[in-house]
Structures are given as structure tokens and as C-alpha cells.
Ligand code: NDP
């Protein structure tokens, strides 16, 4: 049997290889390191996990697709963007994971998201593998017609790689139901197939699941509530800071209000809003979803209870709970120290990898309950999988059926993470619990299916 120092040396060597073979992919290095750092106890406990090449096969994506996306703007100018689809691991089911359209997108970001997705999808207990995609296209400030032409060009290449039994994309930053509609239309046109299960996040009425738009935010609030229950507390009366003002943030705010908490912030890339009376969700949705405006407009219209802080970060506002719901690495060491000083009890990640490794360490050392994204925000992909089930059986579930199922899945994920952490000697450490529980499920399937 290999000794403990040898195992950690082997994992450190593997990480060095990841950095060498994937240069400049910093977010991918970060996501891989976090998982590798958690795996020691699982490898020590089960000899089959020390199978040479197992972890290496989980690290290396099954397929990486990069393509050109040319499109014309409203003035007739031609733009050329880059499209990505990383088909990471299909041991548990078809590749599944969203598409991100944002100017910051590059190969390293899509690989980190795809890698996280593999373990997240495993945690749901459903039959979905992991993948992720997107483009460096910036939809902000573009007309509907420009977004449509971009989506059509993107799908003109992507269609040959996806399918309901192969790879099933969905939304992420910059990709909501409008973009999914244009993408689905072009797929249907090219393939001449009405294949509902090829994309999720479709609108209700033509194959979309009720509660899919709400699922990530709702699920994260349920995960935060479960962590609080473990400590004999409840959401009722707790003040919460939420970052972002997109899909995840809006439904996080909605669920917090429904469960008696008081969300007081939202943000976008220009700054944040703090509202002493609590966020007025109707006003925020009008500005963000109907007008596609900025959060500064919220402060202008809301009156004296709200102010806009240009360039600031929501973490400076004192709160019991923090729910980062915008983007990766938005909550750093300084922000964590401020949250701790202000008495935060729980941090639950709606976004993917929003908390830097140092910040996670600080929060955990201070005894703050910390819910990692691959567990806490898994509600979105879980309901996407329920959308696939509805498409396959040509049925539409009622909203309360989907919501009950989402609540059951989030409870299961919470309990699985807690029990796994306990089993491996790290009670209350949801990061270790999520990484090992996700790893166990995928690793068992990969081992059973041979060296492929
Ligand atoms: P949206 O595009 O709907 O909203 C993103 C929000 O985050 C916007 O307010 C945006 O502000 C802000 N934001 C994005 N990038 C940056 C940046 N670089 N700096 C500052 N603010 C930024 O995306 P979603 O709500 O769908 O996604 C939010 C997060 O949740 C992402 O990390 C995503 O991967 C994760 N997630 C999403 C799921 C889903 O179902 N949609 C599922 C699981 C995780 P601005 O408009 O100024 O750019």
C-alpha cells in the first residue's frame, strides 16, 4: 500500500503536470487544485482509487472543441468570436452543462467550469455527465437581431457535436431563455428534428420546465438553510448580501424573501446597490429582466432607502449570510475578513468558484458554514435534468412537482456532503464532502467502464 506522503506527493506532481500541460489556464489550475487537495483521504481509504491513471482520466477532458463564430452586426460589420465546448466526462450520462457568453471567456475558464460540472452533476444523483461551453461574445448592448445572428452562427458549428443522448447544453452568464430560443431554433432548422432534450432552459410552452429559471437561486437558498439548520438556526430574520443581478441572483433574492430573510444588496460589474429596507424584487426584475438595465437605475428609482456604490463590492455590507451569485473569484481574502469581522454565519455559493481558495480557508477557520458551488448551486442542473426527463416522456410537470423534487435533491446533496465529510474525518467541511462524494460516484463509473 502506498504511504500517505507518497500519495500527497503524487497528487502534487499531478497538479504540476496540469499546470505544465495547460499553460495560462489559471482558473482551471485553481479548480483542479481544490479537488486534488480534498482527495487524499479517499485515495487512502480505497485502493481501487489508486488505480494508475484514474485521477488523470478525470482531469483530462474527453473532448475539447474550439471553433470560429463569424457574424454580422446591424451595420453590416463582420465580427469573429471564438466558440468552445468542452465535453469533460460522460461516464454517468450525456455531457451536461451551460454555455457562457462573456468577453472574459477563454479555454481555461470553460475548462474550470466543465471540471466543476462533472462533480456537481454527480452530486445530484442523476444520470448526467459534465461539460461546458461558450464564447467570448459580449451580448451587452447588442440588439436582439445581433444576438440572434450570433446564436445562429454559433449553433451552425455546435450542432454537429450535441444531441439529447450526446451533449445537452443550457444557459450560464449571458445565456438566458432568449439565447436558448435562438440556439434551439437554429438546431431544429439544421437537423430537421424536433429534439426537445438537446438543450435545457427552454421557455415553458415549447419544452421548457417550470421552475428551471428559478432552480439555481432557489436551490442555493435551500442549501444555505440546510447548513443553518445543522447549527440550530433558521433563515427567518437573517440579513443577506447577494452579489450579481442576473438569473441566479434574482431568484436567490426571491427565495430569501419567501423564507423570511432580508436580502439587502445586488450588484453588477459597475458596482452595487444597498437597500436598507430590503431589495424590492418587483422593481429589480423590471429593470433587469424587462429593460435589461443596470443596478444603478434601481437606486435612482427606489428612493432614499437605497444607494448605489460605484465600483464597490457587496461584502462590505454587514450581514448574517453571503450568497455570491455573479462570477468566479469575486469574494477574496479581504472580503472574507470583512464578512467575518461583521459576524457572517454562512456563505453559500450561487456562482461557480466565486470564493478564492484563501478566502475559503479563512471562512472555514473562522467557523463560518461554507457551501461550495458544486453542491450549493447544483439545483439548476438538477432541474435541467428533470427538463430532459419531461422532454423524453413528452410530459410537462406542474410547478409544485418540480419544486418538491428540487427541494428533495438539495436536501440529499446537503446530507451526502455532510455525511461524506464526517466519514472522512472532516465534520462540517462541505468542500471536502462535496469533492469526495462527487469523485466517488464518477470514479466508480469510470473504473467500471474500463480504460477508455
Ligand atoms: P447572468 O448573466 O444572468 O448574470 C450574471 C451577473 O453577474 C450579472 O449581474 C453580471 O453583471 C455579473 N457579472 C458577470 N460577470 C461579472 C464580472 N466579471 N464582474 C462583475 N460582475 C459580473 O448569469 P447567471 O446568473 O446565470 O450566472 C451567475 C453565476 O452563477 C455564474 O458563475 C454561473 O456560472 C453560475 N451558475 C449559473 C447557473 C444557472 O442556472 N444560470 C447554474 C449554476 C451556476 P454585468 O451584467 O455587469 O456583467
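In region 172-192, which residue that is in contact with a strand residue (DSSP E or B) (Cβ under 8 Å, 6 or more places away or on another chain) and assigned to a helix (DSSP H, G or I) is farthest from the ligand (Cβ to nearest atom)?
Selected residue: 183.
Take the residues of region 193-219 that are outside any helix (DSSP H, G or I) and away from the ligand (no atom under 16 Å from the Cβ): which is farthest from residue 251 (Cα to Cα)?
Ranking the qualifying residues of region 193-219, first place goes to 193.
What number of residues within region 118-139 satisfy the criterion of being farther than 15 Å from residue 383 by Cβ and touching a helix residue (DSSP H, G or I) at 6+ places or on another chain (Cβ under 8 Å)?
Count: 12.
Kindly list, by first and then second residue, each pair from a residue in region 276-297 that is in contact (Cβ under 8 Å) with a residue 40 or more places away in the chain to a residue that is away from the ligand (no atom under 11 Å from the Cβ) and part of a helix (DSSP H, G or I), limited to pairs with Cβ atoms under 8 Å and residues at least 6 apart or on different chains.
Matching pairs, first to second residue: 295/287.
Please verify whether residue 241 is within 27 Å of residue 294 (Cβ to Cβ) and surrounded by fewer than 24 Cβ atoms within 10 Å (Cβ to Cβ), treating the condition exactly as stated.
No, not satisfied.
Yes or no, residue by residue, for (1) on the phi < 0 side of the Ramachandran plot; (2) modelled with pLDDT of 95 or more; (3) outside any helix (DSSP H, G or I); (4) more than 19 Å from the chain's Cα centre (by Cα):
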{"residue": "425", "(1), (2), (3), (4)": "no, yes, yes, yes"}
{"residue": "432", "(1), (2), (3), (4)": "yes, yes, no, no"}
{"residue": "435", "(1), (2), (3), (4)": "yes, yes, no, no"}
{"residue": "443", "(1), (2), (3), (4)": "yes, yes, no, yes"}
{"residue": "450", "(1), (2), (3), (4)": "no, yes, yes, yes"}
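So which helices (runs of 4 or more DSSP H) are wholly in region 49-165 and hold at least 3 residues that are farther than 29 Å from residue 11 by Cβ and away from the ligand (no atom under 16 Å from the Cβ)?
Where helices (runs of 4 or more DSSP H) fall fully within region 49-165 and carry at least 3 residues being farther than 29 Å from residue 11 by Cβ and away from the ligand (no atom under 16 Å from the Cβ), they are 144-158.
For region 57-74, state whether one or more residues are over 23 Å from the mean Cα position of the chain (by Cα) and more than 30 Å from residue 142 (Cα to Cα).
For region 57-74, residues over 23 Å from the mean Cα position of the chain (by Cα) and more than 30 Å from residue 142 (Cα to Cα): absent.
Give the residues of region 265-280 that are closer than 19 Å to residue 313 by Cβ and surrounded by fewer than 24 Cβ atoms within 10 Å (Cβ to Cβ), sorted by residue number.
Correct list: 268, 269, 270, 271, 274, 275, 276.
Go through region 331-375 and report how many residues are within 14 Å of the chain's Cα centre (by Cα) and on the phi < 0 side of the Ramachandran plot.
Residues that pass the stated criteria total 12.
Could you identify the single residue in 271, 278 that is within 12 Å of the ligand (Cβ to nearest atom) and at pLDDT 95 or above?
271
Of all residues in region 234-246, count the ones that are in contact with a helix residue (DSSP H, G or I) (Cβ under 9 Å, 6 or more places away or on another chain) and part of a loop (DSSP other than H, G, I, E, B).
7
The values are calculated or read from the model by the stated rules, or taken from the named source; none is laboratory data. Remember, it's a predicted structure, so these values are computed and weren't measured experimentally. Here the Cβ is made from the backbone with ideal geometry for all residues, glycine too, and neighbour counts use every protein chain on show.
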